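Working notes, beginning with the structure itself.
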Amino acid sequence: MDFDAVAAELYAGSREEFTGRRNELAAEARKAGDRDLAARIKELRKPTSSAWLTNRLVVEHPDEIGELTELGESLREAHRSLASDDIRELSHRRREQINRLLGLALEVARAEGVAMSEPITREIESSLEAAVAGEEAAAQLTAARLSGALTPDLTDMWLMAVPPTSSAPKNAAKPAREKPESEKKKPVHDELAAKRAEAERRRREERAHAEERAKRTAAERDRAASELSELESEAEELGTRVENLEKELAKLKQRHREVRKAVAAAEKALEKATGAAGAAERALTSLPKP
């Protein structure tokens, strides 16, 4: 039994049957004497609804996912090179590709007969955005073994920002002011350096805002994930208890039926014995005394 094959089967299979099948496979590994593999299998977490749909999306549309991760590599390189035009173009393509993948996810959900609510859609979108922003998240996405939604790392959030386009001055109709002679003699590269410095300043501001938003959303995500994990664990535990109680109830019902039959038989035996005892007493009474 191979761990990768087991994980691939579980995360590509039915979400409702995940826990039961995981326990079966862990038991098989333990029976085969591989306790380490059994422990690793047992640690696999049941995916949330959004993670399960994301995994199904990756399995059914690997080419589109590959295009998204390649676009992410290009976008990260454009940010490192401060190529504003490339960043704007790639950011536009990122938005189009993610929207397309969300549409494909909706088709997968319909084919599987599950609802794709707004929260689930947001979590799938978050996983796709994270795969664009970071290499590690991209690897996790393409592995199709997510148990929960991915979120862009705080250090990668600035990659989601789009550099502002240059805008015309407010009083464009006014004649251009004659520059002083000292300004006319400034080298062109100084002007370019100033523009780059301004772009970098704006990028730092956008990154600070993005980090603040990421902290808030990450905290909300962690709280929701923690609550979901606790509820899923409780539901699984209660399900096991219900299953055990149902088995015990079935045994008690069977025993009750058996005892009822025994009671009926005992009542007949008692009735027969009572009749026999009465007949014996009457026969005894009819005999002459010595």
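No lab work stands behind these numbers, since they all come straight from the coordinates. Quantities reported herein were computed from a predicted structural model and do not represent experimental measurements.
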Ratio of Rg to Rh over segment 38-98 (Cα coordinates, Kirkwood Rh, two decimals): 1.19
Could you state the orientation-averaged shadow area of the convex hull built on the Cα atoms of segment 3-42, in nm² to one decimal? 2.4
Give K42/K247; K31/K253; K46/K247 a once-over and call out the pairs whose C-alpha atoms are over 27 Å from each other. K31/K253
